[in-house]
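Single-structure report; data block below.
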Amino acid sequence: NDLFHFWSGSNPQASEDACLNKCQSAYNCKFVTFNNDKTLCWGKTKAENRVAHGDRNNYYKPYS
C-alpha cells in the first residue's frame, strides 16, 4: 500500500510539510504515516491490512 517513502537520505527528505504536500498532490494517496520524530513517512494508497505500531502516527487526507 506504499505510494512513497521519505527518509533523511531521500530527495526530498522526510518532513511533515514534504510528506503531507506529496500526499495532497497525489490523487491516490489516502493518508501519510509518520514515525514519532517525523523523520520517516510513508504515503499510503489504502488503510487496509494495517499493523499497529506504537511509534506511528497517521494523518488522513481530507476529502474534497
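Placing unit charges on the Cβ atoms of the charged side chains and taking the dipole of the chain about its Cα centre, the candidate lying farthest along the positive direction among Ala26, His5, Asn58 is Ala26.
Which net charge results when you count Lys and Arg as +1 and Asp and Glu as -1 among the other residues whose beta-carbon is under 12 Å from that of Lys61?
Working: positive: Lys22, Lys30, Lys44, Lys46; negative: none.
Once positives and negatives cancel, what remains is +4.
Of all the options Asn21, Asn36, Asn11, the one that moves most in a Gaussian network model of the chain with Cα springs shorter than 10 angstrom is Asn11. Return, ordered by residue number, the residues of region 1-20 whose backbone nitrogen is under 15 Å from a label point located 7 Å along Cα→Cβ of Asp55. Within reach of a label on Asp55, which here means backbone N under 15 Å from a point 7 Å along Cα→Cβ, region 1-20 contributes 7-8. Taking the Cα centre of the chain as reference, the dipole from Cβ charges on Lys and Arg (+1) and Asp and Glu (-1) amounts to some 220 debye.
Over the chain, all Cα pairs binned in 5 Å intervals from 0 give whole-percent P(r) values of 4, 20, 34, 25, 15, 4, 0, listed from short to long.
What range in the chain is the longest one free of chymotrypsin sites (Phe, Trp or Tyr not before Pro) that are in a loop by DSSP and have at most 16 other Cβ atoms within 10 angstrom?
Numbers: sites that count: Trp7, Tyr27, Tyr63.
By the stated rule (loop sites, at most 16 other Cβ atoms within 10 Å), 28-62.
For Lys38, the shell of other residues with beta-carbons less than 13 Å away shows a net charge of -3, using +1 for Lys and Arg and -1 for Asp and Glu. Couplings for region 32-46, taken from phi via the Karplus curve 6.51 cos²θ - 1.76 cosθ + 1.60 with θ = phi - 60°, read 10, 9, 10, 7, 4, 7, 6, 9, 9, 8, 9, x, 10, 8, 7 Hz in order; Gly and Pro are left as x. Using modelled backbone amide H atoms (1.01 Å from N, in-plane), which distant-in-sequence or interchain residues come within less than 5 Å of Leu3's amide H? Amide H neighbours of Leu3: Gly43, Lys44, Thr45.
Read the figures in this text as sums done on the coordinates, not as results from a lab. Everything quoted here is computed from the prediction, not taken from an experiment. Using ideal geometry, Cβ is built from the backbone for each residue, glycine included, and neighbour counts are taken over all protein chains shown.
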